[in-house]
Amino acid sequence: MAQHAVVTGAASGFGRAVADLLRADGWRLALVDLPGERWPAAVPGDLAVAFDVRDAAAWRGLHEQLRGAWPALDLVVNAAGVGAAGEVGTLAEDQWRRVVETNLIGTAIGCETFVPWLREHPRRSHLLNVASISAAVGLPTLAAYAASKAGVVALSEAIAAECPRGRPSVTIACPGFFRSGLLDTWHFASEVAAREAGMRMTTTKRSAALIARRALAATWRGRRYVVVGLRARLLWSLAGVAPRLATALVRRRYARLVG
């Protein structure tokens, strides 16, 4: 029998890569992204739905539609996200709201809507939420993004604590920068912020497909965290045992960039 998944941010980047991998394995998918996004070619059995993940009514409508069409829900992937970069004191309030409401509140609404259905699964179901290495290590100019992703981590941990039978299993993807169109949705408060993010995007060798493969592999194994990238894993480890050292390393790199 085909398995069924809801994937947000599915028109590009990580979300699209996840959708491609699941589709290749015969999954039936409900794909969510903003209106106006360039979707991949339509595939029989898939449902492409255009709405903003901050729209609770749209989430409820999707839930009602799928409940009437699917026998069960096996996986939810919350990958939709936006960003803004700028030092604290330079980033406008509307950008803080856009980032936090999309990345955290949008993910929360998706979980509120679909986690109860995942809990009903007769065998095993999965929840994959996309955070970031910045959730553990606050990177310069990314305070709004880091705060929103740290919220995703806390949300995911709370859901895991509420699901002792492992339905759903909860996995949190915490990648560093990888090649994608992520920066197309970003607001930059300064040239320095744009240069910092652009440098990180252009120097990375990791693709969205690589991140998606590793995140899904961790999801099937029931791992809580998947941190991809040597630098990301180093910072993740340091943040746990030597947070001041992790901050010092990040601060030094940033000082060279702005200097």
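The values are calculated or read from the model by the stated rules, or taken from the named source; none is laboratory data. Treat the numbers as computed from the prediction; the structure is a model and nothing was measured. Note: ideal-geometry Cβ built from the backbone for every residue, glycine included; neighbour counts use all protein chains shown.
Quick check on Val100: is it in a helix (DSSP H, G or I), touching a Ser or Thr at 6+ places or on another chain (Cβ under 9 Å) and at pLDDT 95 or above? Criteria met by Val100. Scanning segment 63-108 for residues that are of a type outside the set (Ser, Thr, Tyr), surrounded by 17 or more Cβ atoms within 10 Å (Cβ to Cβ) and closer than 16 Å to Pro168 by Cα yields Leu73, Asp74, Leu75, Val76, Val77, Asn78, Ala108. Quick check on segment 104-116. Is at least one of its residues touching a residue at least 24 places away in the same chain (Cβ under 8 Å), closer than 30 Å to Glu87 by Cβ and touching a Ser or Thr at 6+ places or on another chain (Cβ under 6 Å)? Among the residues of segment 104-116, at least one is touching a residue at least 24 places away in the same chain (Cβ under 8 Å), closer than 30 Å to Glu87 by Cβ and touching a Ser or Thr at 6+ places or on another chain (Cβ under 6 Å), which makes the answer yes.
Checked against (1) modelled with pLDDT of 95 or more; (2) farther than 22 Å from Glu112 by Cα, Ala41 passes all but a single condition, namely (1). Considering segment 129-181, and only residues there that are among the charged types (D, E, K, R) and not in a strand (DSSP E or B), the residue that is farthest from Ala108 (Cα to Cα) turns out to be Arg165. The residues in segment 24-45 that are buried (at least 18 other Cβ atoms within 10 Å of the Cβ) and either farther than 27 Å from Ser169 by Cβ or free of Cβ contacts under 8 Å to residues at least 24 places away in the same chain (or both) can be counted, and the count is 0. For segment 1-50, the set of residues classified as under 26 Å from Arg124 (Cα atoms), touching a Gly at 6+ places or on another chain (Cβ under 7 Å) and in a loop (DSSP other than H, G, I, E, B) consists of Ala2, Gly9, listed by residue number. Pairing residues of segment 214-242 that are basic (Lys, Arg) with residues that are outside any helix (DSSP H, G or I), at Cβ distances under 8 Å and at least 6 apart in sequence or on separate chains, gives Arg214/Val226; Arg214/Val228; Arg223/Thr171; Arg224/Val170; Arg224/Thr171; Arg224/Ile172; Arg231/Gly176; Arg233/Val227.
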